[in-house]
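Q: So that we are looking at the same thing, I have put the structure below in structure tokens.
Please treat every number below as a calculation from the coordinates, not as lab data. Since the model is a prediction, treat every value here as computed from it, not as a measurement. Glycine also receives a Cβ, built like all others from the backbone with ideal geometry; neighbour counts cover every protein chain displayed.
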Amino acid sequence: MATTLSPVAVDEPKIGGGGPTIVPPPRDGWGDGRPDDHRDRLRRYRIGMFFALAAVVMLFVSFTSAYIVRQGIGSWSDASARYVTDWKPITLPPVLWVNTVILLASSFTLAMARRGLARKLQASPRRTAKPMPAPALIVDQQHSVPWLGITFVLGAGFLVGQVLAWEQMRHLGIFVSTNPSSSFFYVLTGAHGLHLLGGVLALAYAGLASLLRKPLVTRFLVVDVTALYWHFMDFLWIYIFALLHFAR
Amino acid sequence: MSDQAHAVHAHAAPTGFIRKYVFSLDHKVIGIQYYFLALVAVFVGMFLSLFMRIHLVWPEANLPWFGHIKPEQYLTLLTMHGTIMVFFVLTTAPQSGFGNYFLPIQIGAPDMAFPTLNMLSFWTTFVSFVVMIAAFFVEGGAPISGWTNYVTLSAIPSAGPGQGLGEDLWVISIAIFCVASLMGALNFITTTLDLRARGMSLFRMPLTCWAWFVTAMLGLLAFGVLLAGGILLLLDRNLGTSFFVPGGINLSGNLSFPPGGLNPGGHPITHNGGSPLLWQHLFWFFGHPEVYIAILPGMGVASQLLSTFSRKPIFGYKAMVYAILAIGILGFLVWGHHMFMSGMSPYSAFAFSVMTMAIGVPSAIKTFNWLGTLWGGRIRFATPMLFAIGFVSLFVSGGLSGPFLAQPVLDIPLHDTYFVVGHFHLIMGVAAIFGIFAGTYYWFPKMFGRMMNETLGRIHFFVTLAGAYAIFMPMHYLGMAGHPRRYSQLTEVNYLHRLIGLQEFMSIAAFITIAVQFVFLFNFFWSMKKGKKAEKNPWEATTLEWTVPSPPPHDNFGGVTPVVNHGPYEYSVPGAAKDYVMQTDPATVTAH
């Protein structure tokens, strides 16, 4: 399809086109089905994920600024003749600590899953995008730890843990409308949980891709960008936990 | 998703009707879908404004669908006119419509970076539009709280008709729109960064691409903030939280959040209410960049066209790029100038005021560079060029009242008057619409393979330009005379009596301007079928979209990888055979 391309060694691709004077060696930004174009696709998906995460950052920055502003609002009290805050600090359910450990562990297992797939990808001959039926690889698949499955379970476990935390709060009579502190607790954990659910679904897709015998490259791409997303969700959770804990 | 994205490049064009025209992955089809969505929306929004203009002057008139417009119905018209125009026209057509169609072609890519995501963004936007229109048909009708949706009016369901289910639909629609815009923005950014053809360096991109890129950045960083505000507002409205709703508001005898009271779930309330100003901050942190989301693509189109039709390179290409970036960055630092009336600290107001006036600098750079481009050019007054010049004219006229309003001491008396209505309609409304018209007349041959009728185009241009000024210029005088905005009927007010004649003049101008839009509509659809066949490059322009057939093939370049050797504005190059050098011409063509 791309007539000007020749099978010369491709340098490490740089982002975008070349400068006005140096025309870079032909590289495939076209995803036109050349067998070894996965590095281009990988870069494209990573850039996309990076900017998607920038949008997620803005969402949580907004929640955080609303949190700080709402916490600081005073209303006039005739009794004490000054502005008083109505913010009542909440006690976080202890199960959140367990959930945090589970989530951190899932980041580790996902990193292992990604690494395993990367190794497989390197081992598979170039010039084909199909999963290799090479015996060595099949043996490898059978004996390696199912890191992807473990990550999926841990991610789902975290979500169940978060629901448990909600149940504990409700049990104590702390609902979303009880106090702004509890409103923000539910908003922040809920928004984070929904985002992580997206990551869990992506992992499910990656697992399904394996069953559907999708190309190894595709599975690697999905796992790679999901890992980027997942580690970020890890970091985001620690940030939210710290905010709820220290700025209560 | 990756496999579909992969497939769209690797395989032949889809043949089934659904894959080809409805759930298409082709950025060109998606661009046209966005354009038609905006076209429907703009006519809906225009008719809402028509009813408002009639009611303002002849409040007793009997209108179809409405009969006599009640004050709350007037507020519904005002709210939905603003919302539909800002979100579904000014955000949708220039960025998502033209950007989708032409960004990939202009940078030499076969499609957007993520075609499936692209399709999803369009259909999500479509759902958002349907939800918004549905607000008209639910009990109580559409909301009355303005496109800025200020709390407390927007947060309390009993605050008025339309503030019940209609308002919930409004917030949900906008939240969906935010998600759609975020998906679109990250697609635009990735495409620009990653899919440029060989030789297409950042500083060889046409200014349209720069404008779309910076606009996408603004969208990416702004829409998440509105989404957050919308989520909190929905919780306030439906679950009894108090992010925005203050305590002690008297709702037909009942106080909001009474001490010792119960919330909707039946649990005791342990708070005193939130801050309506928090909504304003979240809204305007989005809302001001949104203004630039509407206008930047128009600036890109104007730059492109002024250069092409003056047969001259754009004056100060790099300065234009840096000016777009400066406007984008400053646009995030000035949201407070919409809130001078909120009782903010004079020190904050001063800071916002200074930052706002600083935007005058890059805006002036752009304006003078446009004039510099025209200066001494061999100008071809085709319809697209007329609209591009009209854009510059409206941008200056609408922009000059900006520094007035940027000063708190002037903004406070003018803020709730028609002065502000005139200001933002000229610069954000009509100027941006002129950018859309310019783009339509310019790119129509590429999109549909036929030329639009020039005579009808000229009639459309001159009447619209004169009409727009006749409608919106007098608003500045109304405002200075103290005519407040947002009121449904002030014909009985004594001190405004002498202004009724002016209002009548504006309404008649509006009728004529609206009528001539049907000339455009006729020209558009007639030319699609019967227009003169378009050449590959009817305007003798230099950018990549003019190197391919009209309309372009499925993968834009027919399987050839374009290589770029020139900048985007090489007109009248000394020593060259023609008066323009295409970006893909061999490097040896120029003399420099």
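Q: Rounding to the nearest 10 and keeping the result within 0 to 90°, find how far the Cα-based axis of helix B:276-310 lies from the longest principal axis of chain B.
A: Roughly 20 degrees, rounded to the nearest 10.
Q: Could you state the angle between the C-alpha long axis of helix B:383-400 and the longest principal axis of the C-alpha atoms of chain B, as a value from 0 to 90 degrees rounded to the nearest 10?
A: Rounded to the nearest ten degrees, it is 40.
Q: For the range B:61-93 and the range B:128-145, what is the separation of their C-alpha centers, rounded to whole Å?
A: 11 Å
Q: If I model a spin label at A:ILE68 and B:THR455 as a point 7 Å from the Cα along the Cα→Cβ vector, what separation in nanometres do I get?
A: According to this spin-label approximation, the distance is 6.4 nm.
Q: Taking R0 as 35 Å, what's the FRET efficiency between A:LEU211 and A:PHE235 from their Cβ-Cβ distance, rounded to 0.05? Could you put the intermediate results ahead of the total?
A: On the way: r = 31 Å, r/R0 = 0.88.
So, using R0 = 35 Å, E works out to roughly 0.70.
Q: Here's a follow-up. For a footprinting-style exposure proxy, rank B:LEU233, B:LEU239 by other Cβ within 10 Å, fewest first. Don't skip to the answer; put the middle values down first.
A: Details: B:LEU233 27, B:LEU239 15.
The most exposed by this proxy come first: B:LEU239, B:LEU233.
Q: Amide H neighbours of A:SER77 under 5 Å, at least 5 residues apart or on other chains, H built in the peptide plane: list them.
A: When sequence neighbours closer than 5 places are left aside, the close amide H contacts are A:ARG82, A:TYR83, A:VAL84.
Q: Could you work out the helix-only [θ] at 222 nm for the protein assembly as shown, with each DSSP H run of four or more residues adding -39,500 (n - 2.57) and the total divided by the number of residues, to the nearest 500 deg cm²/dmol?
A: On the way: 24 runs with 494 residues, N = 840.
-20500 deg cm²/dmol, from helical runs alone.
Q: Net charge within 11 Å of B:VAL171 by Cβ-Cβ distance, Lys/Arg positive one each and Asp/Glu negative one each, not counting B:VAL171 itself?
A: Numbers: positive: B:ARG237; negative: B:GLU167, B:ASP168, B:ASP236.
Overall, the nearby charge balance is -2.
Q: Rounded, prolate or oblate, given the Cα gyration tensor of the range B:533-592, with a/c below 1.5 counting as rounded?
A: Here the range B:533-592 falls in the oblate category.
Q: Another question, if that's okay. Which one, B:MET355, A:ALA204, B:ASN263, projects farthest toward the positive side of the charge dipole computed for the protein assembly as shown from Cβ point charges (K/R +1, D/E -1)?
A: A:ALA204
Q: Which ³J(HN,Hα) values in Hz, rounded to whole numbers, follow from the phi angles of the range B:179-194 under the Karplus curve 6.51 cos²θ - 1.76 cosθ + 1.60, where θ = phi - 60° and Gly and Pro get x?
A: Those phi angles translate into 4, 4, 5, 5, 4, x, 5, 6, 5, 4, 5, 4, 4, 5, 6, 10 Hz.
Q: Counting pairs of alpha carbon atoms under 8 Å apart in space and at least six apart in sequence, what relative contact order in percent does the range B:533-592 give?
A: Working: 73 pairs, mean separation 19.4, N = 60.
Result for the range B:533-592 is 32 percent.
Q: Just name one of A:PHE232, B:TRP170, B:THR417: the one whose Cα is farthest towards the positive end of the charge dipole of the protein assembly as shown (beta-carbon charges, Lys/Arg +1, Asp/Glu -1).
A: A:PHE232
Q: Could you run the Karplus curve 6.51 cos²θ - 1.76 cosθ + 1.60 with θ = phi - 60° over the range A:211-216 and give me ³J(HN,Hα) per residue in whole Hz, x for Gly and Pro?
A: Values per residue, Gly and Pro as x: 5, 7, 6, 5, x, 4 Hz.
Q: Same structure again: Which distance in Å, rounded to a whole number, links the C-alpha centroids of the range B:232-287 and the range B:318-374?
A: Comparing the Cα centres of the range B:232-287 and the range B:318-374, I get a distance of 34 Å.
Q: About its Cα centre, what dipole magnitude does the range A:145-248 give when the only charges are +1 on Lys and Arg Cβ and -1 on Asp and Glu Cβ, stated in debye to the nearest 20? Provide the component values of the computation, followed by the final result.
A: On the way: 5 positive and 3 negative charges, 36 e Å.
Value, rounded to 20: 180 debye.
Q: Which one, A:PHE158, A:LEU148, A:LEU53, projects farthest toward the positive side of the charge dipole computed for the range A:38-246 from Cβ point charges (K/R +1, D/E -1)?
A: A:LEU148
Q: Please give every one of the lysines within straight-line cross-link reach of B:LYS446, meaning a C-alpha to C-alpha distance under 24 Å, and leave out same-chain neighbours fewer than 8 residues apart.
A: In chain and number order, the partners are B:LYS20, B:LYS28, B:LYS312, B:LYS529, B:LYS530, B:LYS532, B:LYS533, B:LYS536, B:LYS578.
Q: I would also like to ask the following. With only Lys, Arg, Asp and Glu charged, each at its Cβ (+1 for the first two, -1 for the last two), find how big the charge dipole of the protein assembly as shown is about the Cα centre; round to the nearest 20 debye. Before the final figure, lay out the partial values.
A: On the way: 50 positive and 36 negative charges, 377 e Å.
That gives a dipole near 1820 debye.
Q: Considering Cα pairs under 8 angstrom that are at least six residues apart, work out the relative contact order of the range B:45-124 and quote it in whole percent.
A: Working: 34 pairs, mean separation 19.7, N = 80.
Normalised by residue count, the contact order of the range B:45-124 is 25 percent.
Q: Also, quick follow-up: How high is the FRET efficiency between B:GLN489 and B:ASP579 when r is their beta carbon distance and R₀ equals 51 Å, given to the nearest 0.05?
A: 0.30
Q: Given Cα pairs under 8 Å that are at least 6 residues apart, what percent is the relative contact order of chain B? All intermediate terms of the calculation are to be shown ahead of the outcome.
A: Working: 1011 pairs, mean separation 86.1, N = 592.
Relative contact order comes out at 15 percent.
Q: If amide hydrogens are placed 1.01 Å from N in the peptide plane, which non-local residues have theirs closer than 5 Å to the one on B:ARG198?
A: Excluding prolines and chain starts, which carry no amide H, the hits are B:VAL564.
Q: If R₀ is 60 angstrom, what is the calculated FRET efficiency for the pair A:PHE246 and B:PHE36, using the beta carbon separation as r and rounding to 0.05?
A: So the FRET efficiency works out to roughly 0.70.
Q: Can you put B:TRP546, A:TRP147 in order of Cβ neighbours within 10 angstrom, beginning with the fewest? List each step's numbers first, then the result.
A: Working: B:TRP546 23, A:TRP147 19.
So the ranking, lowest neighbour count to highest, is A:TRP147, B:TRP546.
Q: Compute the helix-to-body angle for B:115-134: its Cα long axis versus the longest principal axis of chain B, expressed 0 to 90° and rounded to tens.
A: In chain B, helix B:115-134 runs at an angle near 30 degrees to the longest axis.
Q: From the square roots a ≥ b ≥ c of the eigenvalues of the alpha-carbon gyration tensor of the range B:291-530, which class results: rounded (a/c under 1.5), prolate (a/b over b/c), or oblate? Show your work: numbers first, answer last.
A: Numbers: a/c = 2.48, a/b = 1.26, b/c = 1.97.
Judged from the Cα gyration tensor, the range B:291-530 comes out oblate (a/c at least 1.5, b/c at or above a/b).
Q: Here's another thing I want to ask about it. What fraction of the DSSP beta bridges in chain B is antiparallel, stated in percent and rounded to the nearest 5? Don't skip to the end; give the middle numbers.
A: Values: 8 of 9 bridges.
Within chain B, antiparallel bridges account for around 90 percent of the total.
Q: By its C-alpha gyration tensor, with a ≥ b ≥ c as the square roots of the eigenvalues, how is the protein assembly as shown shaped: rounded for a/c under 1.5, else prolate for a/b larger than b/c, else oblate? Please list the in-between numbers first.
A: Working: a/c = 1.93, a/b = 1.03, b/c = 1.87.
Oblate.
Q: Taking the Cα centre as origin and putting +1 on Lys and Arg beta-carbons and -1 on Asp and Glu beta-carbons, what dipole magnitude results for the range B:291-530, to the nearest 20 debye?
A: Working: 14 positive and 5 negative charges, 219 e Å.
Dipole of the range B:291-530, to the nearest 20 debye: 1060 debye.
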